[in-house]
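The values are calculated or read from the model by the stated rules, or taken from the named source; none is laboratory data. Note that the coordinates shown come from a computational prediction; the quantities given were computed from them, not determined experimentally. As a convention, Cβ positions derive from the backbone with ideal geometry for all residues, glycine included, and neighbour counts pool all protein chains shown. Each accessible area value is taken on the protein alone, full model and side chains, heavy atoms only, with ligands, DNA and RNA left out. Shrake-Rupley method; radii C 1.70, N 1.55, O 1.52, S 1.80 Å.
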Amino acid sequence: MQIDQIAIAVLGALAAWLSQARADSVRRWACIFGMLGQPFWFYASWNAGQWGIFAVSILYALAWMKGLWIYWIKPKRNRPSSGLGTIQLAPEVKR
């Protein structure tokens, strides 16, 4: 087995696993490991002449770049994620 295949398997599985974590502090690492695996995807698909896989690798790289932007370059500040608040209605007291 070649090093590119091992890297694709290990880094891809690790990125997928981390992307499903409940904690943001763990989930933010998924894009790091995903981006680390992308050069191996590019190399393997280019050498094999699998142009469809190469094109999909570009799309995956863009998706991992979005994760880098969201979690590392411009992290969100303490603000509501949707910009909407909640309203709680208290029951009416009868006398």
Counting only the heavy atoms of the protein chains, how much of residue 70 is accessible to a 1.4 Å probe, in Å² to the nearest 10? 80 Å²
Heavy-atom accessible surface of the chain: percent carbon and sulfur, 1.4 Å: 65 percent
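With each run of n ≥ 4 DSSP H residues scored as -39500 (n - 2.57), what mean residue ellipticity at 222 nm is computed for the chain after dividing by its residue count and rounding to the nearest 500 deg cm²/dmol?
One gets -20000 deg cm²/dmol as the mean residue ellipticity at 222 nm.
For the chain, give the magnitude of the charge dipole about the Cα centre (Cβ charges: +1 Lys/Arg, -1 Asp/Glu; no others), in debye to the nearest 20. Could you put the intermediate results ahead of the total?
Numbers: 10 positive and 3 negative charges, 148 e Å.
It works out to roughly 700 debye.
Just the accessible area per residue of the chain, please: how many Å² with a 1.4 Å probe? Display every interim value, and only then the final one.
Details: 7960 Å² over 95 residues.
That works out to 84 Å² for each residue.
Quick one: order 95, 22, 28 from most to least accessible surface, probe 1.4 Å.
Numbers: 95 265, 22 230, 28 65 Å².
Ranked from most to least accessible, the order is 95, 22, 28.
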